[in-house]
Amino acid sequence: MSQQRGDALGHRIEVAEGGNVVRAADVSLRILQMIAFAETPLGVTQIAQGVGIAKGAVHKHLRTLMDHGMVLQDPLTSLYHLGPKIWLMGQKAPQGQVLSEIAAPLMRSIRDELSLAVVLSVPTPKSAFVLATLPSNQPINIGVRPGSELLLHSSAQGKIFLAFGGPELRDSLREPLPRATPKTQTQLPVLLAELDEIRRLGYATAPEEAMLGINALAAPILDRHGKLVGSIGLIGSIQHLAAEPPPELLNRLFALTATIGKRL
């Protein structure tokens, strides 16, 4: 099992429980996540509050991460940021980097055309992990930060991964599903029926299911072999992105995801 805990920056962090979890490793990885996705370097007090453990314990984990080159501490400010080892490790995982590089100019084109926020995400066992985002060019910006983890059952991109991904994702769902808003679907049989419809239609929406007043429209990115590798989501207010998307908007999204898949 796992609990969800939000860190000081608003990201969703999985707090694992159970006999298969190495507690020290779990805490170190959550600290690393927090530092990685922070917009600015963090202090030990911020990290302790976000992870939910004592400052003394955080110091020990940070010292271990520093010894391995994963984290560095600024000698002037005493704040922590990512170290060089993380960059080197990232070069060994090219799929996400290649996907982001291919998608970036196409995402920018559709953002400029539609004035909607555009999000690129990839599936993980517990979430839709946001790789890259482009904010809308509306006066009031609506979007998601890179590094965010979207719930599978209440986000359009999460539903895409449940519908088109492996059965292990659907098998991991347990009732009652967490309720993000009053419109979040919490009944598993109803959600499973919706996933069948998503597979038939080729797209998913989540009108006000993750946040009131906000809708998202998403479609899968499939490689040449038909394997799911990611999803593009369009995000906007319910006024600008209706629960029933018009055909021309769907066609534009399908063309975008098909182009990304062909270029991979």
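The values are calculated or read from the model by the stated rules, or taken from the named source; none is laboratory data. Predicted model only: the values in this text are computed from it and were never measured. In this analysis, Cβ positions are derived from the backbone assuming ideal geometry, glycine residues included, and neighbour counts consider all displayed protein chains.
Inside the stretch 213-236, residues that are within 19 Å of residue 117 (Cβ to Cβ) and surrounded by 15 or more Cβ atoms within 10 Å (Cβ to Cβ) make up a count of 15. The set of residues from the stretch 33-69 being without any contact (Cβ under 8 Å) to a residue 24 or more places away in the chain and over 25 Å from the mean Cα position of the chain (by Cα) comprises 45, 54, 55, 56, 59, 60, 63, 66, 67, 68, 69. Of all residues in the stretch 151-190, those satisfying the criterion of being among the small types (Gly, Ala, Ser) and assigned to a loop (DSSP other than H, G, I, E, B) are 154, 155, 165, 166, 172, 180. If you go through the stretch 108-129, how many residues are under 18 Å from residue 180 (Cα atoms) and out of contact with any helix residue (DSSP H, G or I) (no Cβ under 8 Å at 6 or more places or on another chain)? Qualifying residue count, the stretch 108-129: 2.
The single condition among (1) touching a Ser or Thr at 6+ places or on another chain (Cβ under 7 Å); (2) within 16 Å of residue 205 (Cα to Cα) that residue 164 does not meet is (1).
Tell me, which residue of the stretch 131-150 that is within 8 Å of the chain's Cα centre (by Cα) and either assigned to a loop (DSSP other than H, G, I, E, B) or buried (at least 23 other Cβ atoms within 10 Å of the Cβ) (or both) is modelled with the lowest pLDDT? In this case the residue turns out to be 147. Assessment of the stretch 196-212 against the conditions (within 20 Å of the chain's Cα centre (by Cα), in a strand (DSSP E or B) and on the phi < 0 side of the Ramachandran plot) yields at least one matching residue. Residues in the stretch 59-103 that are surrounded by 14 or more Cβ atoms within 10 Å (Cβ to Cβ), more than 18 Å from residue 33 (Cα to Cα) and at pLDDT 90 or above: 102, 103. The number of residues in the stretch 220-242 that are within 23 Å of residue 145 (Cα to Cα) and part of a loop (DSSP other than H, G, I, E, B) comes to 5.
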